[in-house]
Amino acid sequence: MAEAQAIGVTKGGRNSKIHAVVDEECRPWVFVLTPGNTADCTVAETCASLIPGIAGLVADKGYDTEAFRAWLKQYPIKTVIPGRSNRKKRIRYDRQPYKGRNVVERCVVVPRNGVASPPATTSSHGTTSPPYAS
């Protein structure tokens, strides 16, 4: 029952994970919900395959596996994924695009109190509009 509802048991209790793919403008393209005890790398191919014509991918160390890197080599996808600290062979990656990976966190912001209430933004014309919501 809990697995079907994407609830897993972790050190902190029952938990879920949101795996998201967003563009550089913080617009969501893919959301995949998994139990909290699911490794990030197990849903990497699923997330990337849901976007047709994907040209580039920036991901964190949780997505660094030989299987995912081999899958990515089949497609013309420019990737920026740093290697895990326990790798025997260091992985070189471009640090500049990697710094921008926080767009995912900005897209899926849930404050600690559980109430998402981001401030409205003002455009150059003086009208207010909410930021992209998750």
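The values are calculated or read from the model by the stated rules, or taken from the named source; none is laboratory data. The structure presented is a predicted model; accordingly, all values stated were derived computationally and were not measured. Ideal geometry is used to build each Cβ from the backbone, glycine not excepted, and the neighbour counts take in all protein chains shown.
A few points about this structure:
- Applying the condition of being over 14 Å from Arg101 (Cβ atoms) and among the aromatic types (Phe, Trp, Tyr) to region 56-77 and asking which residue is surrounded by the most Cβ atoms within 10 Å (Cβ to Cβ) yields Phe68.
- Gly53 part of a loop (DSSP other than H, G, I, E, B) and surrounded by 15 or more Cβ atoms within 10 Å (Cβ to Cβ): no
- Where Asp40 falls short, out of the listed (1) in contact with a His (Cβ under 9 Å, 6 or more places away or on another chain); (2) in contact (Cβ under 8 Å) with a residue 24 or more places away in the chain; (3) acidic (Asp, Glu): (2)
- Every residue from region 68-107 that is assigned to a helix (DSSP H, G or I) and among the charged types (D, E, K, R): Arg69, Lys73, Arg95, Lys99, Arg101, Glu105, Arg106
- Residue within region 73-80 that is closer than 29 Å to Lys11 by Cβ and out of contact with any helix residue (DSSP H, G or I) (no Cβ under 7 Å at 6 or more places or on another chain) present: no
- Within region 45-77, tally of residues that are over 23 Å from Phe31 (Cβ atoms) and under 18 Å from the mean Cα position of the chain (by Cα): 1
- Selection within region 1-44 - over 11 Å from the mean Cα position of the chain (by Cα), assigned to a loop (DSSP other than H, G, I, E, B) and of a type in the set (D, E, K, R): Glu3, Lys11, Glu24, Glu25, Arg27
- Check on Lys88, modelled with pLDDT under 90, surrounded by 14 or more Cβ atoms within 10 Å (Cβ to Cβ) and basic (Lys, Arg): no
- Selection status of Pro28, surrounded by 18 or more Cβ atoms within 10 Å (Cβ to Cβ) and in contact with a Ser or Thr (Cβ under 9 Å, 6 or more places away or on another chain): no
- Among residues of region 78-88, those that are charged (D, E, K, R), farther than 18 Å from Arg101 by Cα and under 20 Å from the mean Cα position of the chain (by Cα), counted: 0
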